[in-house]
Amino acid sequence: MGVDLRQVLAGILTLTMFLMLGHMIKRDHFDSVQEKFPGPTKEVTKVTTIRSLHKKGDAALKNDVQELKQCWSKPEFDEGQQSKGYVTFSLTDGPEYHVSQIVDAVVVARYLGATLVVPDIRGKKLGDKWNFGDIYDVEKFIGSLDGVVKVVKELPSEISPRKISAVKVPNRVSENYISEHVEKIYKKSGSIRLATFFPSVNMKKSTTSSNGDSVPCLAMFGTLKLQPEISEVIESMIERLKTLSRKSNGQFIAVDLRIEMLGENGCQEASGSKGCYTAQDIALFLRKIGFDKDATIYLTQPRWDNSLEDLKDLFPKTYTKESIMPADKKAKFLNAESSEYEKVIDFYVCSQSDIFVPAISGLFYSNVAGKRIALGKNQILVPATIQESTAPATKFISSYIKKKNHLAYSCFC
């Protein structure tokens, strides 16, 4: 049987056309990216990604603010229960702790009928000390608690701080705990100095609720306001990041990634998950869920470190505070003695970013999540080691958001 060369040629041409069409479709919908990281193996990982979540409009990551209503009302205080004693305390370890420390101090002072003294702010080093008004608005703090608990700016001169009994309470202290462990000391001493300890990070919503929830809700979300100069610095940095994000609809990602914390935690993997992720981990995670090289990223790392180059290789628009803060503000807010200012800036930039990625688990993540929930910003992506070449971003939405199990959902609805 003879072979018709014309039919063979027609078949080859048809097959070629189909192959070309398939290549064009693939090229139109996907970008194939070669990712190469430094290391002893010098391996090259090939990852196929959707061009941009911003451009494709991933429903879970749209910049839609879901406004929530306040579910609590300002509690009233019976002045007949007012005692003569005082509760003093300090804010320590950064703004993620400040919020919880204020909640516990307000709850304790209200239960005891004591007068709350405006706290000072302490750093990690001995002698690191700031006035409350250096960072927060004093009048806002006092005014917000009017009718809830009595507040004064300073301890009366006739009361010596050295004679005040120190008392430790667990975070999210209960009335039962105050009754059993605090009240007797307060009555004996007349005044107490409070310190909150954190037995565990637990910001999950309680399964039960009561009218008493209004006090911690007010303390957590209604008392702290930054003083104007710090607010202006943060606003200018956010505007700068949005300007740098023109190619991604003005949206930027904030990543809580601090080299010092990574070293302390070791980032060991257990049961398929890790407590923290390196710059290289974050780079691969973001790329595999679809972010492209135009994504703008803010890091909480205080200064640039060589270990961040893996992230910058894939996302050139990666910045720390020193590269986006107004030049005339750096002397005050970026010097060696201003670490508390830097922590506050990180906390509020992460709270107001379009997308938040916690590379480190802990209270910073939990309280930033609470702040974002209150602002209606639900775009929180929790990193993971992704074995596949791509994965949907919706798979990594924080459980605080997915399950609505954060304490903030007790205060907003």
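Can you name the residue in the range 84-106 that is among the hydroxyl-bearing types (Ser, Thr, Tyr) and either assigned to a helix (DSSP H, G or I) or not assigned by the TED database to the domain that holds Pro119 (or both) and, of all such residues, is most open to solvent (accessible area, probe 1.4 Å)?
Of the range 84-106, the ones among the hydroxyl-bearing types (Ser, Thr, Tyr) are 86, 88, 90, 92, 97, 100.
Now restrict to residues that are either assigned to a helix (DSSP H, G or I) or not assigned by the TED database to the domain that holds Pro119 (or both): 97, 100.
Details: Tyr97: 63, Ser100: 3 Å².
By that ranking, first place goes to Tyr97.
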Practice task
Take the residues in the range 107-127 that are part of a strand (DSSP E or B) and surrounded by fewer than 20 Cβ atoms within 10 Å (Cβ to Cβ), then tell me which one is modelled with the highest pLDDT.
Solution key: Asp120
Exercise for the section: Being open to solvent by less than 10 Å² (accessible area, probe 1.4 Å) and out of contact with any Gly (no Cβ under 8 Å at 6 or more places or on another chain) is the filter; apply it to the range 384-413 and report the residue that is modelled with the lowest pLDDT. Expected result: Cys411
Fill in the blank from the handout: Those residues of the range 346-360 that are of a type in the set (Asp, Glu) and either farther than 17 Å from Phe396 by Cβ or at pLDDT below 95 (or both) come to a total of 1
Completion exercise
When (1) modelled with pLDDT under 95; (2) hydrophobic (A, V, I, L, M, F, W, C); (3) open to solvent by less than 60 Å² (accessible area, probe 1.4 Å) are applied to Ala254, the one that fails is (1)
Problem - Failed item, numbered, when Lys242 is tested on (1) open to solvent by 10 Å² or more (accessible area, probe 1.4 Å); (2) over 30 Å from Arg110 (Cα atoms); (3) within 17 Å of the chain's Cα centre (by Cα) - result: (3)
Exercise for the section: Output the residues belonging to the range 315-368 that are under 23 Å from Tyr409 (Cβ atoms), touching a residue at least 60 places away in the same chain (Cβ under 8 Å) and in a helix (DSSP H, G or I). Expected result: Phe347, Tyr348, Cys350, Gln352, Leu363, Phe364, Tyr365, Ser366, Asn367, Val368
Exercise for the section: Would you kindly identify the helices (runs of 4 or more DSSP H) lying entirely within the range 128-231 that contain at least 1 residues that are touching a Ser or Thr at 6+ places or on another chain (Cβ under 6 Å), open to solvent by 60 Å² or more (accessible area, probe 1.4 Å) and at pLDDT 95 or above? Expected result: 183-189
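The values are calculated or read from the model by the stated rules, or taken from the named source; none is laboratory data. On a predicted model such as this, the values are computed, not experimentally measured, just so you know. Note that each Cβ is placed from the backbone with ideal geometry, even for glycine, and that neighbours are counted across all protein chains shown. We work out accessible area using only protein heavy atoms, side chains counted, and drop any ligands, DNA or RNA first. Shrake-Rupley method; radii C 1.70, N 1.55, O 1.52, S 1.80 Å.
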